[in-house]
1. Starting from one equal scatterer on each C-alpha and no solvent at all, send me the Debye-based log10 I(q)/I(0) for the protein assembly as shown at q = 0.07, 0.09 Å⁻¹, two decimals.
2. Largest first and to the nearest Å, give the Cα extent of region B:218-272 along each principal axis.
3. Would you mind computing Rg(Cα) / (2.2 N^0.38 Å) for region A:221-313, counting N as its residues?
4. Just need log10 I(q)/I(0) for chain D at q = 0.12, 0.13 Å⁻¹, Debye formula, equal scatterers on the alpha-carbon atoms, no solvent, rounded to two decimals.
5. Can you give me the orientation-averaged projected area of the convex hull built on the Cα atoms of region A:1-117, in nm²?
6. Nearest 5 is fine: what % of DSSP beta bridges in the protein assembly as shown come out antiparallel, could you say?
7. Please arrange B:237, B:160 by counting, for each residue, the other beta carbons lying within 10 Å of its beta carbon, fewest first.
8. For chain A, set up a Gaussian network in which alpha carbons nearer than 10 Å are linked by springs, and say which option among A:278, A:226, A:146 fluctuates the most.
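Derivation of every value follows stated rules applied to the coordinates shown; laboratory data play no part. Please read these numbers as outputs of a predicted model, since none were measured by experiment. Using ideal geometry, Cβ is built from the backbone for each residue, glycine included, and neighbour counts are taken over all protein chains shown.
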C-alpha cells in the first residue's frame, strides 16, 4: 500500500529526528523557555526579516489557531472565515468553544476576497450583532489554492480599512512558498498580515508550529493564553529543536527543501493525470491534488493506495484528495499515475 | 408620530398592569417559587393539554433561547438555524458565548425544511466536526412567516430521524396562532416539538416568556441553568402574575385577543397597501408587514411614522418593516395606508 | 404570617408603581435607548457628582455583576472576592461560566482588606497562574456589614497599587448609605472605586440595578456585552422609569427614604432583641439582622414568621436572618421582638 | 551545573527514543487511530486488568485534565480539588476556562479526605450554588505525598455516596507506584476511581499521558471532546509508540524501572540530608524532595545546582524542591548531599 492520505502519515524528516536525538540528554528549562526555542525564534525572525517579531512554539495547528484568536478578541467579537476553511470546517467548534462566532463566507476556490469580507459585514449592524474583528485565511487554503501577493495585499488593505486583524494559517506554508505558481515570499507575507504560523507538522516535523505575531499589542500576556488554552508543552524545547533543524539556512533550509520536494511529487501526479485527460476539483498548485475520477477507478485504486474521498459521488465520478509528504517518492507518485492510466 | 417600530414600544396591556397592581403588596418567595408562577404554569399546561409539561418563567427571549440551548448540548454539539433567524442574527453571539456553534442554512422565506437540515448535516463527518444536536426555529419566523402543521410535522419527523432536539422560539407565537393563514393549534405545536416558549414581551406583557419543556431529561437541573445563565429574577413572581393575566381563559384569554388584534391592524395595513399595488418582502401573514416602497415615499413617511428599513435601498425601493402591537389602533393602521396612498 | 425572608418579597414601592402606570401607554424605542433611561442616568450622574460617568440600566444583580466582570477581564485574568461574598456564594458559578476564576479569600466579617488582597496575590506567580485583575466587594456585604470611608479608601489604594479594578456590588447600597454607622456618601463612593451599581430590586423597584462605570475604557462596547450576556431588556425603559421615580430629588429621593425606613425597622428588631440579651452573628448595621436564637425558639417562631436559617445549628442555637423591605412596618418589627421575648 | 529542577528537563529515555526512531518511516493514519495507539491501549488494559477500559493518548497533563473534566460536567457543575493541587494551582485557570468552578479545600499534606469533601459540600445548597460533581486528586500529590489504599478507598466510597466522579491525575504515577511507602497497585487504583492517567512526560517520554476512563458513559464522544479542546495530535501515533515502549512488560516494563530509579536517586538525597539533620516540607516518599535549608546554604547551592525555591523565606530558612528524572544519576544525587554537608 502507498499512502497519499496526508502529509502527516510518517514521523519526522531524518534531519529533524537527528536533532532530537543529538539534544536528547541536555537539561533545559521547560515550557519553551530554553535556548533551542530562542534560537528557533531567531531563525524565524531572520527568515522573515522582522527583528522584533514575537515567535511562539506551539504544539499543533488547532491550538495555535484557537489560542491566537481567543487572545485577540473581546467577548462580543467574531471571526470571518471561509466556510470551507479549516478553522470552521475541521476543528469541531474549537473556536466557538472560546465563546466566539465564526462568520462564514463562501470562498471562491477556498479563498477570501475583499468583497466577501464586505459581505460578512452586511450582517453586522450594532449591539445586536457580533462585531467582526479577525479574518482567518490559510496559505495555502484547505483546497490547496494560494493567495497571490496582489490578492493578499488587497485583503490586508481591506482589513486595515475595517480595523480587522488578518491571521494566516500556514499549516502547509512551505508548500505554498515553494510551488511554481507562487509570487509571495515569506518576507512579504510577514508584511501583509498581523500574524501567521509556519507549519511544522505537515512539513517534516513530528509536531509543532511556529506562531509569528507581528503587532506588540496582540502578544500581550500571550504565554498566559497558551497555558490557559492547555497548549504549553512541558518539554517545550522539542518544538524549538525541530524548528532549529528545519529553518537553519533560511530559504536554503530543509524546510524549503522538504516543501519543494512535496510539490515535485504532487506535480508528477498532477501533470501525469492531466495528460490522461483527468480534470481536477479546484485549482491547487501545492502538495494536495484533487483529481475527479470515475467511481469504478476509485474503487480499484483503493486496493493499492490510501487516499480520502473529498466529496460525495455525483454523476459517476468522485473527487479524491492525494497529499504528498516529506517521504513521498517519485516512484510512488509515478505508480499512482500508471495505476490510473491502466484503469481508464 | 405613530410608531410601528416594534411590538415592544409600549408598556403592558391594561389587564396585565392591573394584575401587577393588585398583587403588588403580597409577600411571596423569590426566584419563581411562588403561587403565581405555579398558577401560570398550570394555565400553560391546561392550554397545551400536556399535564406533565415543565414550565419556566423566563425574563426575555434571548436568555430563554440561550439557557435552553446551553442546557441541552454537550460541549461538542451545535445548533442548526436559519441564517436569517433571530438566534443567529440578532443575539450578538449569545449562543456561541456558551461554547456552541450555530450551523446556518439559508432558509426559504425564513423557514427551515427537512432538506435544509440534511444539508447542514453534509458538514458533519466525525470527531473533526461539531455534532448538530438541536434545531432552532421561530413561529412565526423573523420574516413573519409561519410553519403549517404539515411543515412542522415534517421538521419534527426529520429531527426524530437524526436525533435532533426541535426547539421553537415563540416570541410572537400569539400572532402565529391567531392569524388567518394558521392551521396549527398550540396543542398540536406542543406535540410537534421538544420545547417552545410562549412569548409575553411582544404580546402584552412588560416582559417575560413562558418556556415549555416537553421531555423530562431536557429539564434536568434546569433552574441551576437559569441561575448560572444570570436569568433567575429575584421577584420572579412578576412573570407569573403577568402570565396568569394573559392566559386565564385559555384560547379565550387576552393572550389570544391581544394577538388577534395585532393581526387585525397588520392586516388593515397589508390589504390597504396591497390595494394600492404595493408588493411585499416575503410572505408574512402575522403582525409584521414588509412593504417595498419607493425611497421618496419612505423619506416622507418618516415625518409621521416610526418604522425600520429592513434592507438597503436597491433600484429605488426599500423594504421597510411595520409591526403592530397590543396598543396599535385601527385608526393608526388606516392612517398609514392613507399616507402611502397620498404619496404615491 | 409576617415575612422577613427578604427585601424582594413584595412588588414595587407605590411611587415606583405609579411611574410605571403613568408611562405605560407611551411609545419609546427599545433596549434602553429611550428618554426615561437617559433621564435616570442623568439623575445618577447628578447624585454621584460625576458628569461623565457611564450609566447602564441592568435587569438584576447577577447579570450586572457578571457582565461587568466579563467585560473587564482578558481570558487569563481572575477576580478576587470574599468566599462569603455573593458573586462566589450565590450565583451558581455564573462568573466562572464566562471563563474566569474567582480567587476566594476569607473575609473578616464579610469584608476584604488590603492584606487579604495581598494574600490572594501569593497564589499568583507567572504564566502558570491566572492573573488577578478585579476585586469584587459588596456595600453592604452579604453579612450586612459596611466599609467605612477609610476602609474603602485603603482598598482602592491597594487596587491602584496592584493595577486591580475595584467593583462594588450595591444590591443594598441604599441601606448602607442611610444607616447610622455609615460615614461614606455616594459621591465619595464614586471616587473610591472603578464601578458600582445602585441596587433597585431590594430598594423598592420591581427589578433593575443602575450600573455606574467610572473609567471610559471599561465602558468600551458595553452594550454589546449586555446583549451577548442576555441582559438587554426589550422594554428597557421599564428600568429607566423606575429609577427616575426612585432617584428624583437626589439624597431626598424615595430611594434614600425607602432605605432609611428599612434600616429603622431593622433597628427596632436589633435593639429589641439586644435588650432581650440576644447576641448576633456578625455586626450588621443595615437592613439585615442575624440574631442567634435557641433552636426551640426558632421552631416556634416559624409558625408566625418567615425567615432563613443562616447557618447550621451548633450547641443548641441557630443564627437566623431577618431582612426588612420597603413594605415592612414598625408593627411587624415590634411583633417579632415581642414574639421572641415571650418565647425565651 | 546539575539540574534537579524537574523530571521534564531532559528528552526521552533511550528506549523510548529508539522506538520513535525505528517507527519513523511507517505510514499510519493520523489522530491516534493507528496500530501503535491501539497496542499501547492494550498494554494499559492488561496492566490494569480491566479489559474494557477506554484508553486515550493525550498530549500533556493539562489538556488531559481539562478535557476529561469538561467532558464529565454539565454547565452548572463544579470540581472539588485541593487548593495546593495542580489543577487549581498551576493551570492558569484552564478548568475555569471551560466554564466550571474549582471548589478548593485546604488539603492535609496536599491530600483530600472524605471530611474535606463533606466540607466542600457545605457550600452547596440549591440552584443558587454550583453542584459539585467531580473530585480531582493527584497520585502523588503536588507535594509528593501519596494516598494509601485505605485512603483512596475511603475517598472513592465518599464519592460514590455523594454521586461524585473520582479522577486521579497521575502525572508522576510511576513514582507513586514504585516508592517504598506505597501499598496501592495500579490494578487496585483502577478499581478505586472513575478515571486516571498514566503520566509519560515525567516518566521517560518526550510527551504524552495515557488517559484511562473506567465508566462507559464518561467516554461518550470523547474524541470529539479531545478535538474541540485542541488536543488531538495529527501524528497521534507518536504517543502510542512511546507508551508501547514504556509499558511493554507490564510491571517489569521500563515505565516501572524508570520510576523506581527516580525514587532511588530521590531517596539518596532524602536520607543523606536527613542524616545531616535537615528537616523537610511535607512528607514526600516519591521523586520530589523538599528540604528546608538555611538561606545562606541555598544561595551557595545555586552556583552548582538548578532547583526551585518552593515557598518564601521565613525565619532564615527556605524550603526548596528537588526532583529526580529518568536521567538523574546516583553521582548527581550524592553530589548534592555532599554539597549541603560541606555548607552547613
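1. -0.80, -1.28
2. 49, 24, 23
3. Working: Rg = 19.6 Å, N = 93, 2.2 N^0.38 = 12.3 Å.
Scaled against compact globular proteins, the figure is 1.59.
4. Values returned for q = 0.12, 0.13 Å⁻¹ are -0.86, -1.00.
5. About 11.4 nm², averaged over all directions.
6. Roughly 55 percent of the beta bridges in the protein assembly as shown run antiparallel, per DSSP.
7. B:160, B:237
8. For chain A, modelled as a Gaussian network with Cα springs under 10 Å, the answer is A:278.
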